[in-house]
Amino acid sequence: MAMGLFVAQLLTGLANAAALFLVASGLSLIFGVTRIVNFAHGSLYMIGAYVGVTLMNVLPGHFGFWGSIVLAGLITGLIGVVIEMCVLRPVYKAPELFQLVATFGVILVIQDLALMIWGAEDKLGPRAPGLKSVVRILGEPVPQYDLALIAITPFILFALWWLITKTRVGILVRAATQDREMVGALGVNQAWLFTGVFFLGSALAGLGGAIQLPKGGADLLMDLNIISAVFVVVVIGGMGSITGAFLASVLISVLNVFGVTYLPQSTLVLMYVVMAVVLLVRPYGLFGREEKAGEHGQVGEPDRPIRPFGKMGMALTSLLLLGLALVPFLGSSFAQVLIVDILIFCLFAASLQFILSTGGLVSFGHALFYGGGAYAAALLMSYADTPMEVAFILAPISAGLLALVVGWFCIRLSGVYFAMLTLAFSQLGWSLVFQWNEVTGGDDGLVNIWPSAWLSDTTTYYYFALVFVTAGILFLRHVIHAPFGYALRAARDSARQAEATGIDVRKVQWMSFALAGAIAGLAGALFVFSKGSIFPNELQISKSFDALIVVFLGGVKTLSGGIVGATFLEGAKDWLIRLEYWRLVLGLVIIFVVIIAPDGIVGTLRRLGERLGLRRQEEFMR
Amino acid sequence: MLEVSALNSFYGKAHILNDLSFKVERGEVVALLGRNGAGKTTTMKSLMQLVRPRSGQVIFDGTRITGLPAHKAARLGLGYVPEERRIFSDLTILENLEVGRQRPREGAPAWTLEALFELFPNLWERRNNRGKAMSGGEQQMLTIARTLMGNPKLLLLDEPSEGIAPVIVEQMARTIVRLKNEGLTVIISEQNLHFARMVADRAVIIEGGEKKFDGSFSELEKHPEIRDAYLSV
């Protein structure tokens, strides 16, 4: 390979690292102090880009260009402050999952607000005055602006380093990272310290968005596009480490550029492979420190003791099942198809709820096993001429095996790192399916995956799905009430105590992860045969997030939460999507639920029932 | 200086402090005595507003502080040294001290770095070391110094003698006496009666979150049954 090309690509990679580093360092900083993984950080980056491009079109010349970038950073910082004060302050003491879901609500709101303000069309970023041409380096053209970015990045790194290590604010920030309460007891107003850090972190994201304008412009997808790369960077570098964020940004950006040239089929996969490898060797990232589970506010109200259904519960469940069994006699075939969709989503959500609540393992990549099961069935049908029935049975088994492998890696970590690693694996799976055209059909998916003749009738398949979904959910319920479920909950509530009473915590968690994966795979198999096709989007991040949101809306603490949430969202979706700004509505609902009714639908109803005296109140000591 | 009246604190549903009332005069050193689990640490945290008392009030130097956030209590001149020390272990000693720094305050001794390093010479030698590389005694010195950087009027010392070597305990006692001579008001919580007697003017004994005794050490001497009932000997 020519030396010139190599150097040119290296330089492009370094230039790309600039924006990534800005965004990642902001996220890392915010996480370090507030212990909140701000999913909306990509949205702040997008805001920075839009504000920047708007300002650049108004302000002229050199001053206008660079001034716009700085102003975009400041404005984004202020928007971050608003988010911090309105959405995050009420949830600082809430369990991690609630915080994540709240920031996810913010993403949705910002997406629609951006659509309202700037419209759907992509905005082209203006080129930097005076830096519009290219320089020849070893014969290869390198944009001047890239060189400017490469020159600027070390200054930003230095400025941040100076701020963090040498100033009083930096000392307070580092102290608060370790022990917020003590910092408060020493007379420092933590609320403002948090807000200040949020301002800085958001401003960095906005700066990142504005500074990449000449290279990338602004569009409505850039928030989610950057966020997974940013997470990878922050996790590789170590949550909370600025230096780590810098090195990882450079590593990922350079790798990406070379990946595009030499392994165009694997560009998406590469990043996640690197992350998985780093986490295998250093579970807390290059510069990260060990994270103790439950260190940051996983203590909510203690879980209620689970009980078998009373007569009332039995009766209601039977009634519901009876009602569902009668649907084909009353409803249209459209209703049956809709209900099958809902049922499948319920099973998927229930499997996530199981691992999340009973297992205490917040997985961000659960769609991997749903999609995994679906693809397993589809691949078996397409390539091995497997009979549908066999493929259907093998699908959950394959998903379970996949979860066994993925779980082996992930269970070693806990908290945020566990969540990130599951996310990485699901992205790995998605990019594999997306880019391995020859086998998976890539974006075109796999089609013609229909059930056998005896099942092909809508009503028959409806009953088929109903039986399997019901069985799956009852099975999960049974597991929760079995000794295995007790062991799992013991491991969740106090890993050390559980270990001391003779429970192999890792193994129990690992097995439950595999079980949840298998059940998700069953849902995936039901899905693929109901649709006759499968596409990569079934194992995308957004699918995992849908399930998380559903479980959350329904109520995290009970199995029925996932089911109620899934029914609610699938049912409301038809109606919701008709609205022009449905994301805004959904986002606001999510934020509202997190702040006002954090027990979700089921928990809130239960509380209401107790207050009205319909249900026995349960006493517990803390 | 400090007036605590009918304080009730809870952890969840567990009632920890039960109508606790006592007073501390300016310049006094008061020892809060009691066994493990008697409610000493909860009392300290309730004074500092790290635990929100459910009822009752704390008047500090004429200001009602119950219900204020902890940092406001600190800014009024209440200094808190926690039992677990809670050093910022990633920060150097100088940086730890910087976190505690507040402006000098009227009616309270003003501390400078020099004065503190004179008081705790060990800290000077290790000023650029990180907190995690310190012994228990040094950590205890550092937490006290860190709180003194805020120039408090009233110092809350939660079990300062716990878990440190006997030699250091003596040094600690001398330090507390010196702080008193500088004009600082101090509340120390203790299980160690001997240590408390060395430094304090008065004893408040609590058990099960209730006050059982309030008086001088000579008075306590006259009632060995109180000592036997509420203190481990």
Q. When ranked by the protection proxy of mean other Cβ atoms within 10 Å per residue, highest first, what sequence do the peptides A:566-572, A:34-40, B:103-109 form?
A. A:34-40, A:566-572, B:103-109
Q. Can you give the accessible area per residue of chain B, in Å², using a 1.4 Å probe?
A. 41 Å²
Q) From the residues A:398, A:145, B:2, which one has its Cα farthest along the dipole of the protein assembly as shown in the positive direction, the dipole being from +1 and -1 charges on Cβ of Lys/Arg and Asp/Glu about the Cα centre? A) B:2
(Q) Between residue A:497 and residue A:471, how high is the FRET efficiency from 1/(1 + (r/R0)^6) when r is the Cβ-Cβ distance and R₀ = 25 Å? Nearest 0.05. (A) 0.15
(Q) Please list B:155, A:78, A:224, A:200 from largest to smallest accessible area, probe radius 1.4 Å, with all protein chains kept in place. (A) A:78, A:224, A:200, B:155
Q | Using a Förster distance of 56 Å, the FRET efficiency for residue A:612-residue A:337 (Cβ separation, nearest 0.05) | A | 0.90
(Q) Projecting each Cα onto the charge dipole of chain B (Lys/Arg +1, Asp/Glu -1 at the beta carbon, about the Cα centre), which of B:134, B:191, B:223 comes out farthest on the positive side? (A) B:134
Q) For the pair residue B:8 and residue B:115, how long in nm is the line joining their label points, each one 7 Å along Cα→Cβ? A) 4.2 nm
Q: Could you compute the FRET efficiency for residue A:89 and residue A:574, with r as their C-beta to C-beta distance and R0 at 45 Å, rounded to 0.05?
A: 0.80
Q) How far is helix A:61-83 tilted off the main Cα axis of chain A, in degrees rounded to 10, range 0 to 90? A) 30 degrees
Q) Among residues other than residue A:134 whose Cβ falls under 12 Å from its Cβ, what is the net charge (Lys/Arg +1, Asp/Glu -1)? A) +1
**Q.** Set of aspartates and glutamates near residue B:211 by C-alpha distance (under 20 Å), chain-local residues within fewer than 8 positions excluded
**A.** B:3, B:19, B:25, B:28, B:158, B:159, B:190, B:201, B:219, B:221, B:225, B:228
Q: Out of all DSSP beta bridges with both ends in chain B, state the antiparallel percent to the nearest 5.
A: 55 percent
Q) What value, in deg cm²/dmol to 500, does the helix sum -39500 (n - 2.57) over DSSP H runs of n ≥ 4 give at 222 nm once divided by the residues of chain B? A) -10000 deg cm²/dmol
Q. About the Cα centre of chain B, what is the dipole size in debye to 20, counting +1 per Lys and Arg Cβ and -1 per Asp and Glu Cβ, all else neutral?
A. 680 debye
Q) How well do other chains shield peptide B:75-85, expressed as the mean number of their Cβ atoms within 10 Å of each residue Cβ? A) 2
**Q.** Cβ neighbours within 10 Å from other chains - mean over A:175-183
**A.** 6
Q: Relative to the longest principal axis of the C-alpha atoms of chain A, give the angle of the C-alpha long axis of helix A:3-34, reported between 0 and 90° and rounded to the nearest 10°.
A: 60 degrees
Q: Please work out how much accessible surface residue A:494 shows to a 1.4 Å probe, ignoring ligands, DNA and RNA, in Å² rounded to 10.
A: 40 Å²
Q | Cα-projected label distance for residue B:52 with residue A:456, points at 7 Å along beta-carbon direction, nm | A | 6.5 nm
**Q.** aspartates and glutamates with Cα under 18 Å of residue A:557, excluding same-chain neighbours fewer than 8 positions away
**A.** A:96, A:301, A:303, A:493, A:546, A:599, A:610, A:618, A:619
**Q.** Which listed pairs, of B:23/B:212; A:93/B:212; A:93/A:507; B:45/B:132, have C-alpha distances above 26 Å, in listed order
**A.** A:93/B:212; A:93/A:507
(Q) Given Cβ point charges of +1 (Lys, Arg) and -1 (Asp, Glu) and nothing else, what value in debye, to the nearest 20, does the dipole of region A:2-223 about its Cα centre take? (A) 520 debye
**Q.** chain A: angle of helix A:541-554 to the longest principal axis, Cα-based, in degrees nearest 10
**A.** 60 degrees
Q) Tell me, what % of the accessible area of region A:2-223 is carbon and sulfur with a 1.4 angstrom probe? A) 73 percent
Q. Around residue A:282, with a cut-off of 12 angstrom between Cβ atoms, what is the net charge of the other residues, counting Lys and Arg +1 and Asp and Glu -1?
A. +1
Q) Once the whole set of protein chains is in place, how much accessible area is left on residue A:118, using a 1.4 Å probe, in Å² to the nearest 10? A) 50 Å²
**Q.** Segments A:322-329, A:552-559 sorted - mean Cβ within 10 Å per residue, highest first
**A.** A:552-559, A:322-329
Q. How many Cβ atoms of partner chains, on average, are near each residue of A:228-235 if near means within 10 Å of its Cβ?
A. 0
Q | Heavy-atom accessible area order for B:114, A:499, largest first, 1.4 Å probe | A | B:114, A:499
Q) Sorting A:270, A:608, A:124, B:91 by accessible area (1.4 Å probe), largest first, what list results? A) A:124, A:608, A:270, B:91
**Q.** Sequence-distant residues sharing a close amide H with residue A:134 (under 5 Å, placed H)
**A.** A:144
Q: Could you work out how far apart the two model spin labels at residue A:383 and residue B:106 are, taking each label as a point 7 Å from the Cα in the direction of the beta carbon, and quote it in nm?
A: 8.3 nm
Q: Report the paramagnetic label zone for residue A:438: residues of region A:239-277 whose backbone N is under 18 Å from a point 7 Å from Cα along the Cα-to-Cβ axis.
A: A:262-269
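The values are calculated or read from the model by the stated rules, or taken from the named source; none is laboratory data. Small disclaimer: the values here were computed from a predicted structure and weren't measured. Don't worry about glycine lacking a Cβ; one is built from the backbone with ideal geometry, like all the others, and counts go over all protein chains shown. Surface areas here come from the heavy atoms of the whole protein model, side chains and all, with no ligands, DNA or RNA. Shrake-Rupley method; radii C 1.70, N 1.55, O 1.52, S 1.80 Å.
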